[in-house]
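Beneath this line is the structure, given in structure tokens, with notes to follow.
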Amino acid sequence: MNYFKHETSVIDAGCQIGDGTKIWHFSHVMPNAVLGKNCNIGQNVVISPNVTLGNNVKVQNNVSIYTGVICEDDVFLGPSMVFTNIINPRSAVIRRDEYMRTVVKKGASIGANATIVCGNDIGEYAFIGAGAVVTKEIPAYSLWVGNPAKQIGWVSEYGHRLEFNDKGEANCPESNQQYKLEENKVSRIS
């Protein structure tokens, strides 16, 4: 075992857990979940069957990651944020065969208490603000806040807001990485 598991956490049979991953108090990793290397799973987290987390995923306290969710490398899930996996849940109707897929792409961050309605993928390095309710696809490098979430700008891979000049170019103030905005899409150019 090359990962850390707190004595109060539960890891069901059939899970794959990468080297260096840490699973903290009262968390439950359910059957056939896959957790990459160097993940940090906070307190009171539930990872449902067949969920996949890439490497270096940070899951803060009180998050439930339901079947159908895939998080790529370097994703950040803020405290008490919420995923859904059925678009029209009813207690009396069994819909286990209707779980929708949601992919959170590399480097994306989802803030505390945000809600991601199932079937809406989050683009690479996108930033979802605290308390936002995501009801649509989120483009790479975009910044979203509110209920329902609305785009208010663009961010760098370091999470800084980008200010584009008249040529559609911007620099990250921390990394000095350069970005280009063309046809309402951002890409890193250096």
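The values are calculated or read from the model by the stated rules, or taken from the named source; none is laboratory data. Everything numeric in this text was worked out from a predicted model, so none of it was measured. Neighbour counts run over all protein chains shown; Cβ positions are idealised from the backbone, glycine included.
So which of GLY78, GLY36, GLY18 is in contact (Cβ under 8 Å) with a residue 40 or more places away in the chain, closer than 30 Å to TYR141 by Cβ and surrounded by 17 or more Cβ atoms within 10 Å (Cβ to Cβ)?
The conditions single out GLY78.
For VAL59, indicate whether it is closer than 17 Å to ILE122 by Cβ and at pLDDT 95 or above.
In short, yes.
Right, ASN176: at negative phi and assigned to a loop (DSSP other than H, G, I, E, B) or not?
Answer is no for this residue.
Is it true that some residue in the range 110-127 is among the aromatic types (Phe, Trp, Tyr) and loosely packed, with under 15 Cβ neighbours inside 10 Å?
no
Among what's in the range 88-106 and is in contact (Cβ under 8 Å) with a residue 12 or more places away in the chain and in a loop (DSSP other than H, G, I, E, B), pick the residue that is farthest from ALA140 (Cα to Cα).
For the range 88-106, the residue satisfying everything is TYR99.
Residue-wise test of (1) closer than 26 Å to ARG188 by Cα; (2) at pLDDT below 95; (3) polar (S, T, N, Q).
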{"position": "SER27", "(1), (2), (3)": "no, no, yes"}
{"position": "PRO31", "(1), (2), (3)": "no, no, no"}
{"position": "PRO49", "(1), (2), (3)": "no, no, no"}
{"position": "LEU53", "(1), (2), (3)": "yes, no, no"}
{"position": "ILE65", "(1), (2), (3)": "no, no, no"}
{"position": "ASN85", "(1), (2), (3)": "no, no, yes"}
{"position": "LYS106", "(1), (2), (3)": "yes, no, no"}
